[in-house]
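Following: one structure in structure tokens, then a few remarks.
The values are calculated or read from the model by the stated rules, or taken from the named source; none is laboratory data. What you see is a predicted model; the values in this text were computed from it and never measured. Heads up, the Cβs are rebuilt from the backbone with ideal geometry, glycines too, and the neighbour counts pull from every protein chain shown. Ligands, DNA and RNA are excluded from the accessible area calculation, which covers all protein heavy atoms including side chains. Shrake-Rupley method; radii C 1.70, N 1.55, O 1.52, S 1.80 Å.
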Amino acid sequence: MRAWWVGKPGPVAGHPLVFGDRPDPSPGPGEVLLSVRVCGVCRTDLHLAEGDLAPRRTGVIPGHEVVGEVVELGERATRFRIGERVGVAWLGGTCGHCRFCLRSQENLCLSPTFTGWDRDGGYADRVTVNEDYAYRIPEVFPDEQAAPLLCAGIIGYRALARAQVPEGGRLGIYGFGGSAHLAAQVAMHRGASVYVMTRSEEARRLALELGAAFAGDADDEPPVPLDSAILFAPVGWLVPQALRALDRGGTLAVAGIHLSDIPPLHYGSELFQERQLRSVTANTRADGEEFLRVAAEIPLRPTTVPYRMEDAGRALQDLAADRITGAAVLHMD
């Protein structure tokens, strides 16, 4: 099969991904084999390629926003049928018996596996997935629009929960890419007012088109105190800025798996008066199932930019340079 894999991690301008042929995978017990139709391009893939996120093994194939068709069932795999459309997301497996799994916090599992980091992902013609960690995709979403739901959407949904947005509250969003533009739609559907701060002019335009109350530059102050905020940009210096924008009792959730260093915080202006700073770590399968149901009910309007499978390297370069509005998606055909 054709595939991209991580060669020597480094800046995307130096082409850290390698394109070539890899052996076709075979599904193990409880797994299904998918023929990949599309795969979303996530910022986590960029962190992996550039080495911000150290590869767990040599030659791993990135990609964890996969939409594919079941073409083979492994032994004891009974959840899906041949020909069924299936989604593969970031969380690829958990132990099921650690203290976190036992209390329904499998996103904090002590020995998890992740798609496109531990196990090969969707920058390839075929991929295997443990059937218990795959998703049925609502029919309302075509393949291209479904792909970003499987990580950007799910993580944004968990970030909303972690940000504790009050009913009718004011939500600030820092960075407005694939995840943020989906989380914003869910928040507005629930009655929140959304205030977007991002350096991309095109992203600011999209935010206003989707119904944001305000869209400013990354270092702009929102026009009102915020009840909650989510930091999607992997930029540590924005943390104190976002905390200062919070009203008393407000919560800032940091949604990325990687963040540059946070400057020293000033207690009085950035944390006092019960402001909270919280991280977001992966997701549970329950998060994914709930989000896909909500996404179909709204329904969400994913903004996507298509790329050919052969252009994965260019897609990552465009993502690094903020040239993508919405979410990039690789097409395998």
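Please say if the stretch 70-164 is rounded, prolate or oblate, where rounded means a/c under 1.5 for a ≥ b ≥ c the square roots of the C-alpha gyration tensor eigenvalues, and otherwise the choice is prolate for a/b larger than b/c and oblate otherwise? Please report the intermediate quantities before stating the final value.
Working: a/c = 1.83, a/b = 1.21, b/c = 1.51.
Cα axes put the stretch 70-164 in the oblate bin.
Could you state the angle between the C-alpha long axis of helix 201-210 and the longest principal axis of the C-alpha atoms of the chain, as a value from 0 to 90 degrees rounded to the nearest 10?
90
Note down the magnitude of the dipole of the stretch 11-146 about its Cα centre, charges +1 on Lys and Arg C-beta and -1 on Asp and Glu C-beta and zero elsewhere, to the nearest 20 debye.
Details: 14 positive and 20 negative charges, 89 e Å.
Computed about the Cα centre, the dipole is about 420 debye.
Give the distance, in whole Å, between the Cα centre of the stretch 163-186 and the Cα centre of the stretch 79-104.
Cα centroid to Cα centroid, the span is 26 Å.
Of R119, R43, R56, which has the most accessible area and how do the rest follow, probe 1.4 Å?
Values: R119 50, R43 75, R56 115 Å².
If we order R119, R43, R56 from most to least accessible, we get R56, R43, R119.
When a/c is below 1.5 the answer is rounded, else prolate if a/b is larger than b/c, else oblate, so apply that to the stretch 194-258 with a ≥ b ≥ c taken from the square roots of the Cα gyration tensor eigenvalues. Intermediate values should be presented prior to the final figure.
Values: a/c = 1.78, a/b = 1.23, b/c = 1.45.
Taking the square roots of the gyration eigenvalues as a ≥ b ≥ c, the stretch 194-258 is oblate.
How charged is the neighbourhood of E50? Take every other residue with its Cβ under 12 Å from the Cβ of E50, and add Lys/Arg as +1 and Asp/Glu as -1. Walk me through the intermediate numbers first.
On the way: positive: K8, R43; negative: D45, D52.
The answer is 0.
Could you tell me how many degrees, from 0 to 90 and to the nearest 10, lie between the Cα long axis of helix 178-189 and the main elongation axis, the longest principal axis, of the Cα atoms of the chain?
For helix 178-189, the angle is close to 60 degrees.
What is the stretch 149-265 by shape, rounded, prolate or oblate, if you read a ≥ b ≥ c off the alpha carbon gyration tensor as root eigenvalues and call it rounded for a/c under 1.5, prolate for a/b larger than b/c, and oblate otherwise?
Working: a/c = 1.20, a/b = 1.13, b/c = 1.06.
The shape class here is rounded.
First compute the accessible area of the chain with a 1.4 Å probe, then give the percent of it belonging to carbon and sulfur atoms.
Details: 6720 of 13970 Å².
On the chain, the fraction of accessible area on carbon and sulfur atoms equals 48 percent.
Which entry in (1) 57, 43, 35; (2) 51, 43, 41; (3) 72, 61, 38 is this structure's computed Cα extents along the principal axes in Å?
Given (1) 57, 43, 35; (2) 51, 43, 41; (3) 72, 61, 38, the structure-derived one carries the label (1).
Just to make sure I understand: if all protein chains stay in place, what is the order of F19, F176, F214 by accessible area at 1.4 Å, largest first?
On the way: F19 85, F176 10, F214 50 Å².
The residues order as F19, F214, F176, largest area first.
About the Cα centre of the chain, what is the dipole size in debye to 20, counting +1 per Lys and Arg Cβ and -1 per Asp and Glu Cβ, all else neutral? Don't skip to the end; give the middle numbers.
Details: 33 positive and 42 negative charges, 111 e Å.
It comes to approximately 540 debye.
Would you work out which of P138, I82, G93 lies farthest towards the positive end of the dipole of the stretch 36-148? Charges go on Cβ: Lys and Arg +1, Asp and Glu -1.
Looking along the dipole axis, the top candidate is G93.
Nearest 20 debye, what's the magnitude of the dipole of the stretch 102-190 about its Cα centre given +1 on Lys and Arg Cβ and -1 on Asp and Glu Cβ? Don't skip to the end; give the middle numbers.
Values: 8 positive and 10 negative charges, 101 e Å.
Charge dipole of the stretch 102-190: 480 debye, to the nearest 20.
Mind checking which of A328, T251, C109 is farthest towards the positive end of the chain's charge dipole, using Cβ charges of +1 (Lys, Arg) and -1 (Asp, Glu) about the Cα centre?
Comparing the listed Cα positions along the dipole, C109 ranks first.
Leaving out ligands and nucleic acids, and using a 1.4 Å probe, what accessible area per residue does the chain come to in Å²? Walk me through the intermediate numbers first.
Values: 13970 Å² over 333 residues.
In whole numbers, the chain has 42 Å² accessible per residue.
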